[in-house]
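All remarks here apply to the structure that follows.
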Amino acid sequence: MFPLGLATGRDALLYVPRAERLPLVLMLHGAGGNAERVIQNYRSRADEFGFMILAPDSRGVTWDLVHTGYGPDVRFIDGALAHVFNRYDVDPHHLAIAGFSDGASYALSLGITNGDLFSHVIAFSPGFASPASQHGAPRMFISHGSEDTVLPIQNTKRMVSRLQSAGYDVRFEEFRGPHRRRRTLQRRRSPGSPRLRANPPARAWSRRRRGGRASGSGSRGGPQPRLISGVTGKPVGCHTRRADQFQIGSGHAV
């Protein structure tokens, strides 16, 4: 487990199970959480399945989008990804963004906005999705507890329906239980499973500067959350959808 040294105090941690080209999961904690707890929760799964975990700390108590809009957390995550891409052999075809609670909402929002970077989006008990724009077509796994009193499952069900109607490959699992993460990183063989060693469509990558205005009203203003970091290669086209299709949920997580 390695601290990246990108900030004093709240930083980012990287866990690498072995030295070879590996999938990478960018894992985002819930409100009040931290990177160390994320690594503790998923380290055994990383060892079992062979993937790296990049776990950044949010700059505040939770992620910027939940309260003020995209800002310092996007810049910090982008710097953390650039740090990892420059030092480790990341498999660009198996690059996931995941999170729990507020982190799940942020993962969905960044994952849809940067679907040409992330091959998979994994959201455990999210509250909303507020992408600035839509690019690419990442595969998605979303789970939510039927007894969740913090972030109601009804919002997630509506979001899943909208995502599926827009053409995304979404697997949704409802489980009996309260507001907690679902242990889903396990050996599954059913179609649509978000396993990191699955075979998503082939992708090519570039280290590119992404900018421009969002294609819709999904952004809350401020810096656009298009990540600069990428794995060297050739650029690919991307599919754009209206951002306001996914502005759902309360807009705030607890």
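Before moving on, here are some points about what is shown:
- Residue that is surrounded by the fewest Cβ atoms within 10 Å (Cβ to Cβ) [pool: residues in segment 133-162 that are among the small types (Gly, Ala, Ser) and under 18 Å from GLY99 (Cα atoms)]: GLY145
- Taking segment 14-41 as the range and being modelled with pLDDT of 90 or more, on the phi < 0 side of the Ramachandran plot and not hydrophobic (A, V, I, L, M, F, W, C) as the test, the residues that pass are PRO23, HIS29, GLY30, GLY33, ASN34, GLU36, ARG37, GLN40, ASN41.
- Lone qualifier among ASP47, ASP102 - being over 16 Å from the mean Cα position of the chain (by Cα) and either buried (at least 21 other Cβ atoms within 10 Å of the Cβ) or at negative phi (or both): ASP47
- For GLY111, the requirement of being surrounded by fewer than 24 Cβ atoms within 10 Å (Cβ to Cβ), of a type outside the set (S, T, N, Q) and not in a loop (DSSP other than H, G, I, E, B) is not met.
- Hey, PRO72 on the phi < 0 side of the Ramachandran plot and in contact with a Lys or Arg (Cβ under 7 Å, 6 or more places away or on another chain) or not: yes
- Within segment 81-110, residues that are within 13 Å of ILE122 (Cβ to Cβ) and among the aromatic types (Phe, Trp, Tyr) sit with their Cβ atoms under 7 Å from residues that are at pLDDT below 90 and not in a helix (DSSP H, G or I), at 6+ positions apart or across chains, in these pairs: PHE100/ARG181.
- Summed over segment 3-20, the residues that are touching a helix residue (DSSP H, G or I) at 6+ places or on another chain (Cβ under 9 Å) and among the β-branched types (Val, Ile, Thr) give a count of 1.
- Filter result for the condition that a residue is under 26 Å from PHE49 (Cβ atoms), crowded, with 24+ Cβ neighbours inside 10 Å, hydroxyl-bearing (Ser, Thr, Tyr) and in contact with a helix residue (DSSP H, G or I) (Cβ under 9 Å, 6 or more places away or on another chain), over SER125, SER130, SER119: SER125
- Among helices (runs of 4 or more DSSP H) entirely within segment 1-90, having at least 2 residues that are of a type in the set (Ser, Thr, Tyr) singles out 35-49.
The values are calculated or read from the model by the stated rules, or taken from the named source; none is laboratory data. Just so it is clear, the model here is predicted, and its values are computed rather than measured. Using ideal geometry, Cβ is built from the backbone for each residue, glycine included, and neighbour counts are taken over all protein chains shown.
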